[in-house]
Structure formats: C-alpha cells, structure tokens
C-alpha cells in the first residue's frame, strides 16, 4: 500500500511538472529581495524567499545569470557603494558556487528599469529556469556535476519560480544601420570599431569606420556628435571613457572642430542586450557608439 501511494504521488508530481514546464526553457526571469533603509541584511520575508530560491538552485531547477544590488538615495555616495556591496555579499556568500555569475553593486546607478519596483532598496537575481537540463556546477563524487532527475524536482518550488516576471531581452538598435537613420531616429549608431580586450586600444581596421564618421560630419556641418564608450560584464567607467576618448581624438585629428564633438563613458549602464547570456551578447555590449544631435 505504501509503495502504491508513493507511485501515485510520483505520477502526479511528474504530471504537474510536465504541465508547468511547457514553454519554460529559454525564459529569463528576475527575483527581487528587499531591505529596510541602511540595512545590509534583507527583511525576514526576503530571507525566507531566498532560502527557498537557493534550494531550487541547488536542485538544478534554475541557473543564476546575474546578481545586482541597489540602494536608495539616503546617505552619501560612498556609504551607498559600501551598503550595496554588503547587500550583494549577503547573497553571494550563501551560494554553493558563483562561477560564471555576474555580480554588480550598482548602489545609486540604475542600469535598467526594474519590473514592478516597490523601492530601490533591493537585490535582483536574474536567472533561467533549467529543470535539471543544466547544472550550476554543484560537484559530486561521481562525475563532477550533479544531475537532477525530473522526479526530484519540487513542483511547489517550481510554481514559485513561475510567478516571477520574465526579463525581456533589450536590443536598442537602429532598424537600418546608417548615420542618417540614426540621426532621424535619435538612437545611437554603433560604430564598427573593436578594441583589444581590457584596453582602450583599437584593433587594426577600425580606422575605416572613423574615416566614414569624419566624412559624414564634414558633409553635415550643422550636426554635433557625442562619442559614447561602453563595456560589458561589469562596471568599468574608466575603460569605457578611455575608449570613447580614443575615438574622439581620432575624429578631431581628422579635421572636425572640437566644438562639434564630445565624448562620455557609460560603463555598462546602457546595454544593447540585457541580460548578457552569451559571448555574442557581451560582444554587442562592448562597443563605442555615436549619438547625433542638431543644434
């Protein structure tokens, strides 16, 4: 009788799992945890939520892509930077493995619109539902990776994951790539310029795009251009600004008046693709673009 009840329970668990998991793969979701003002430890409710979520991670039901920590505007910039780092550490220190996870202590910076935001005293965890099809590098003595069978997956925990909002991939590109269309659409134009990884040094061949940009500005003397540098994979304002400045100097050397061109670093605050899940996504975000303005 006990065996029969166990078999029936297993059957219904698998049935629920198959019903709930339809069309789940490929969806990226976001789970948010909240804090009281100036606190580095989440609310009791958020702590319990995270404990349940972390159990789902350890079972192989989900794979974390990115963790982002924020603060409100209370206090100094320095104190908020410290507080965001402490909030981030609360979660990362409790994970079995953080390999491959992007971790950002954004504090007062706002890199993306938060869905259904109650406040900015929060940590967002962005993840994919995997249901055991992928692992989070949890080691086992047998083959180095623990695989989770479908009948081990907690259907109640899965229902909780399903309630989290889906993160839409953001691709803010000009529909037809040209300087003129970029000017009309008021969207930045991504320059065909590559840099040596981790530096502001342009690779060979990048001068072709700069020559095209110089020619366009000479043909349209009333246009102002802002060169904007971006990075992927974490906050690095220094590199993003240096890349923009390098392109800016090349355009000035090509004969464009300084009054018509400027540069700015954007770090990783304006990604073309969010969240970054592949090397192609990261390559798209690691860029320099130009925004044209009429006086």
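The values are calculated or read from the model by the stated rules, or taken from the named source; none is laboratory data. All figures in this text were calculated on a predicted structure; none of them were measured in a lab. With ideal geometry, Cβ positions are generated from the backbone for all residues, glycine too; neighbour counts draw on all protein chains shown.
What to note about this one:
- The range 267-291, subset within 20 Å of residue 213 (Cα to Cα) and crowded, with 21+ Cβ neighbours inside 10 Å, residue nearest to the chain's Cα centre (by Cα): 286
Residues are listed down the side, and each one gets a yes or a no for (1) under 27 Å from the mean Cα position of the chain (by Cα); (2) under 20 Å from residue 284 (Cα atoms):
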{"residue": "213", "(1), (2)": "no, yes"}
{"residue": "224", "(1), (2)": "no, no"}
{"residue": "227", "(1), (2)": "yes, yes"}
{"residue": "232", "(1), (2)": "yes, yes"}
{"residue": "241", "(1), (2)": "yes, yes"}
{"residue": "251", "(1), (2)": "no, no"}
{"residue": "254", "(1), (2)": "no, no"}
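- Only a single criterion out of (1) modelled with pLDDT of 85 or more; (2) surrounded by fewer than 16 Cβ atoms within 10 Å (Cβ to Cβ) is not satisfied by residue 110, namely (1).
- The single condition among (1) in contact with a helix residue (DSSP H, G or I) (Cβ under 9 Å, 6 or more places away or on another chain); (2) at pLDDT below 60; (3) part of a loop (DSSP other than H, G, I, E, B) that residue 135 does not satisfy is (1).
- Of the residues screened, residue 218 is not one that is in contact (Cβ under 8 Å) with a residue 40 or more places away in the chain, surrounded by fewer than 18 Cβ atoms within 10 Å (Cβ to Cβ) and more than 30 Å from residue 84 (Cα to Cα).
- Condition met for residue 82 (over 16 Å from the mean Cα position of the chain (by Cα) and at pLDDT below 90): no
- Considered as a group, the residues in the range 90-106 that are in contact (Cβ under 8 Å) with a residue 40 or more places away in the chain and in a helix (DSSP H, G or I) include one that is nearest to residue 128 (Cα to Cα), and that residue is 91.
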